[in-house]
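Each remark here refers to the structure printed beneath this line.
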Amino acid sequence: YVSYALDAASAGIALGLFAIIFSMCGLYSTTKQVNEQQIDYWNGKGVDQHEQGNFDAAIRFYDKAISIDTRAVDTDPRHYKIWLNKSNALFDIGDREGALAAIRKAIDLDPKSAKVWNSVGFLYYHKHEYHQALDALEKASEIDSKLAGVWGNKGAVFCGLHQYDRAIQNLEKAIKLDPRLVEAWSNKGNALKDKGELKEAIKAYDKSIELNPINSTVWYNKGIALKALMRYHEALHSYDKAIEFDPLKLDAWNNKGKIFYHQEEYVEAIKAYDKAIDINPQDITVLLNKCDALNRLGRHEEAVEVCNRALEINSKDALIWFKMGVAIDFLKRHEDAIDAYNRAIQIDNTFFKALVNKGNALFELEKYEDSLNVYDEAVKQDSFNALVQRNRGTVLNKLGRTDEANDAFNQSQWIEYVIEYAGSPDSYIDLSS
């Protein structure tokens, strides 16, 4: 056999190598410790900036934390929070795809974190991918059934799916776990509002406002519920509060205008619409609302100008052409009005009001046969319309067809009777505005 013996020199070299290796291990341990401290420091800086609303700065600090030791941050489960934080900041600047990419890193590091899966669900919810959101939130609740935010997000998802009873059930679980969870109260209000339980919705909004009185969206949604209940003074107050905390909230200005319009305060309505138009001059809905208010004030030339502005934005919108026709009709330019109504009908051949107004304009031009033909076309679309039958009767009288005219008038009266005593088949509460 071969004997291996170490002489003194060899032994010394071996001990020296051992000491170097041992020293390097100590150096690696120290470097790792320093890196961890640096990572925590920059992550903390990111959190501070995030809480102050400086999202871009927060992302830079999170990236700095990641760059210190990319391998550690990519593989050490302890660092999932950095990716979670970065995901939240990316979401806050509107980068939802980037937020999802970051959150997937967090999942890879800690697939058993309820908070991570909750964030995944939250992101999918805001992408309107509700079933993926529910899958993620189910995983979160399986891991930690006492995390209130998970149940709150489930409630929001069910709202998105229009499953309001299930939404309320989940939101009440969230509130039971955390009675101060503002979003759960506001989303409960949304679910109740959309379900038509308006008074209960207002109670939920009030609780949310009690916890956070400066949330513009909650004030706005409360205004919608109050408006639907025809509590207009209170609705205006809610919209004013929404605007106080977010002066650029266009929908609140628009809805203020609609309430003033309903109350026949057309000058005030126009002021509110102008505020909304200042925020977004391209908003066709607000422009057309202003057009209506101008017509009510007899300022028809201005109404035509507003419609022209809307047509510059979208010349293929049937409603704009209809509103243009109405404004021109008021100016007694009936031929031009008919052209506008025809454009509306070309775009949407089921546009009932455009058809009726075309018949009216033809009547004003004493083109009675043409007017009757248009009204007959309107009856094919809606035979249960008292106004059209009454207008038919008027035209038939002009044509000397008295018996048919009387039949049309009788039909009109019968429809009005049915609507008065049986209720209009079209009656509903509009919760969308």
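Just so you know, all these numbers are worked out from the coordinates, no wet-lab data involved. Not measured: the values here are computed from a predicted model. No Cβ is skipped: glycine too gets one built from the backbone with ideal geometry, and neighbour counts run over all protein chains shown.
Structure values in brief
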item: Using alpha carbons only: equivalent-ellipsoid semi-axes of the chain, gyration tensor based, whole Å; result: 68, 24, 21
item: Cβ charges +1 (Lys, Arg) and -1 (Asp, Glu), total dipole of the chain, debye; result: 1100 debye
item: Principal-axis tilt of helix 402-422 within the chain, Cα atoms, nearest 10 degrees; result: 40 degrees
item: Separation of the N397 and Q263 label points, Cα + 7 Å toward Cβ, nm; result: 3.9 nm
item: Simple spin-label estimate for D278 and H126 in nanometres, 7 Å along Cα-Cβ; result: 2.9 nm
item: Kirkwood Rh, Cα atoms: Rg over Rh of region 214-366; result: 1.04
item: Coordinate range along principal axes, alpha carbons of region 315-423, Å, largest first; result: 40, 33, 22
item: Dipole in debye (nearest 20) - region 168-247, about Cα centre, beta carbon charges: Lys, Arg +1; Asp, Glu -1; result: 260 debye
item: Inter-probe distance in nm under a simple model that places probes 7 Å from Cα toward Cβ, at N406 and D240; result: 5.8 nm
item: Rg/Rh (Cα only; Kirkwood hydrodynamic radius) as it applies to region 156-202; result: 0.94
item: Residue-averaged [θ]222 nm for the chain, counting only DSSP H segments that reach four residues, each worth -39500 (n - 2.57); result: -26000 deg cm²/dmol
item: Estimated dipole of region 315-423 in Debye, rounded to 20 [Cβ of Lys and Arg +1, of Asp and Glu -1, Cα centre]; result: 260 debye
item: Packing-based ranking, highest mean first, of 196-202, 340-346, 403-409 given that Cβ atoms within 10 Å are counted; result: 340-346, 196-202, 403-409
